[in-house]
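The values are calculated or read from the model by the stated rules, or taken from the named source; none is laboratory data. Computed from a prediction, not measured in an experiment: that's the story for all the values here. Cβ placement follows ideal geometry from the backbone for every residue including glycine, while neighbour counts extend to all protein chains displayed. With ligands, DNA and RNA removed, areas are computed over all heavy atoms of the protein, side chains included. Shrake-Rupley method; radii C 1.70, N 1.55, O 1.52, S 1.80 Å.
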Amino acid sequence: MSEHDAHREPLAAGTPLPDGGDPAAVTALRRLHPATPVLNGWKWFALAIAAIGQNAVRDLNYKLFGLQVVAALVLGVVLGTFSWWFTKYRIEGEELRIESGFLFRRSRRIRIDRLQAVDIVRPVLARFLGVAELRLEVAGGGKTEAPLAYLNEPGAQQLRAELLARAAGLDADTPEAPEHRLVAVPPGVLLASTVVSAPFLTAVLGFVVVAIASVVVGEIVGLAFLLPWALGGLGVVWRQFVGEFGFTVSESPDGLRIRKGLLDTWAQTVPPGRVQGVEIEQQFLWRPKGWVKLSVDVAGYGGKGSEGQTSSTLLPVAPWPVAKALLERVLPGVDVDGVARVAAPRRARWLRPIGWRYLRHGVDARVFVSDAGWLTRRTAVVPHVKMQSVRATQGPYQRLLGLASVHVDTPVGPVNAVALHRSPDVARDLVRDQAERSRLARRTAGPERWMQHRVAVAAVPAQPPEPQPTDPGVRPEGSVRPDGDGGGDSAVGGSGSPST
C-alpha cells in the first residue's frame, strides 16, 4: 500500500471503538510526513542560532558557539521527533480526529459536514521536499482549526478529495471532481493594478517627499527614513504580485477552486454555499479600466491577520463584467446591479462631508447590499440566509442629527455591510424587516450536505422603508437622486458600475 493511500486503510473487523461506532467508517490512525519536524522547526532553530551568535561574536568564543549550536540542533531534533511521533489523525465516520502532544495530550474532532474551506499550502521549502500542508477551515473558527502539516502531496490531494466528498454526502471513494476554469488573472494586469493601488502609491509618495526634504534641508540623516518607505512599497508588491501570481478560479461540483502563488503556492477549495458575504472594491485609479476586486467572508478565515485577508480574496483584479459573472456563480440568482438603492438623508453630510452622497443601501428578495466610499468604493453583499445578526447603533452626534446606522453582521472578514446614517424610523424598520427576511430564508434553506438535496431558497419579498418627510427641496430618504444633490456614482455594482 502506498503512503498516500495509507490513511484510508479501514480498521480490522471487530476492532473496538470508544464510542461504539462502525469500524468500516473509521480509518486507521496515521502520522504526518517524516520531514515535518524539519519544516516546522527550522525557524526556531534559526532564531536560536541568531541569539547564540550574538554572544559568540561579543565574547569571541567560537568553540562555545559551536557546542551551543550542536546542543540546540540535538534538542530541536528530539523535541520535533517527539511532537511528530505523537501527532496522528484519522477519519471517524462524520468527524476528522487529530491527536497531538506528548506532555499535554490534545484530541480535536472536526465535523466534516461543517467544513467551510479546504486549502493545500506549499511553502518554498516544502515544494522542494514534495510535501504540502492541509488546512481545514470550520465555522466559527478564528484560525485554522486543523492544520495537517505536513503530508506528501499525493496524500494531501487525496485526503482533501475524501473530506470534500464526505462533506457533500458522497461516498468516501469518490474521485476528485473535474473542474472548469472560470477566470485567470494575467500577470501584467496584476502588476499594473498593484502599481496603481493606494498602499503602493502612498509608500512611493512618502519616499519622494522624504527624499526631497532631505535634499532641500541638506541633512543626510534624513535619508535614513527612506528605507521604511522603500520597504513598505516593496512589501505591497511582494504581497500582491508574488502572493496572487498565477491566480485562477475554477468551478467544480465540490466548490470553487482557487490556485495562486509564485513562491508559496496555495490551492484553496471553497465548498458551495459556504460564502457568507461578498465585498466589491474599486480603487480610484482602477476606474478608467473598470477594474474591481472581490473578497468574501468565509467562516474561519477572518481572524488571521494578513493571511486571513489573502485567503478571503476571491478575485484580486478583473474588469467588472468578468467579476460580475463570477459573483453570479458564488451567489446564484443575485443581480447586484438590479438592487435598488436607498440614499442617506442630506443631513448625513455633517458626519461625512465628502462621502455622504455615496452612502446607500438596498434590499431584494435574496440579499442586503450597502455602498460606501469616495476614493475607494466598496459594495457589501450579504445573502439573507447567511446573516448572523442585525443591529442598529446610534452615537452621540447621530442622536443630535437624528441619524442611526444599521449593521448586518457576518463572520469576521473583509465584508462590512452597514447602512450608515439612516433616519431612526428607517433604521428601526430595516432591522425588523431584515430579521424577518433572514428567518424565512433560513427556514427554506437547503441542508449542509449540498450534493444530497438541492432546495431552492424561497423568495422573500423586500419591504422598502417608507419615505420620511424632509425639508422642501430635499428628496426623501428612500430614493437615489440622479443629480449631484444625492446621487453621484455609486459603489461598484450600483448605478455607476464600471464597464470596459
> Considering only helices (runs of 4 or more DSSP H) fully contained in segment 152-259, which possess at least 2 residues that are over 25 Å from Arg287 (Cβ atoms) and either touching a Pro at 6+ places or on another chain (Cβ under 9 Å) or open to solvent by 30 Å² or more (accessible area, probe 1.4 Å) (or both)?
Replying inline: 153-167, 198-217, 226-237
>> Any residue that is part of a helix (DSSP H, G or I), open to solvent by 40 Å² or more (accessible area, probe 1.4 Å), modelled with pLDDT of 80 or more and among the small types (Gly, Ala, Ser) - is there at least one of those in segment 80-98?
In response: yes
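Residues checked against (1) among the hydrophobic types (A, V, I, L, M, F, W, C); (2) touching a strand residue (DSSP E or B) at 6+ places or on another chain (Cβ under 6 Å); (3) at pLDDT below 95; (4) not in a strand (DSSP E or B):
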residue: Pro332; (1), (2), (3), (4): no, no, yes, yes
residue: Pro353; (1), (2), (3), (4): no, no, yes, yes
residue: Trp356; (1), (2), (3), (4): yes, no, yes, yes
residue: Ala365; (1), (2), (3), (4): yes, no, yes, yes
residue: Val369; (1), (2), (3), (4): yes, yes, no, no
residue: Val381; (1), (2), (3), (4): yes, yes, no, no
> surrounded by fewer than 16 Cβ atoms within 10 Å (Cβ to Cβ) and in contact (Cβ under 8 Å) with a residue 24 or more places away in the chain - does that describe any residue in segment 127-134?
Replying inline: yes
> Mind checking whether some residue in segment 132-154 is modelled with pLDDT of 90 or more and over 24 Å from the mean Cα position of the chain (by Cα)?
Replying inline: yes
> All but one of (1) at pLDDT below 85; (2) open to solvent by 10 Å² or more (accessible area, probe 1.4 Å); (3) on the phi < 0 side of the Ramachandran plot hold for Leu263; which doesn't?
Replying inline: (1)
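Here is a yes/no grid of residues against (1) more than 17 Å from Arg437 (Cβ to Cβ); (2) surrounded by fewer than 24 Cβ atoms within 10 Å (Cβ to Cβ):
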position: Arg349; (1), (2): yes, yes
position: Arg360; (1), (2): yes, no
position: Asp364; (1), (2): no, yes
position: Gly373; (1), (2): yes, yes
position: Val381; (1), (2): no, no
position: His384; (1), (2): no, no
> Restricting segment 301-313 to residues that are modelled with pLDDT of 65 or more and under 18 Å from Leu115 (Cβ atoms), which is surrounded by the fewest Cβ atoms within 10 Å (Cβ to Cβ)?
Replying inline: Ser312
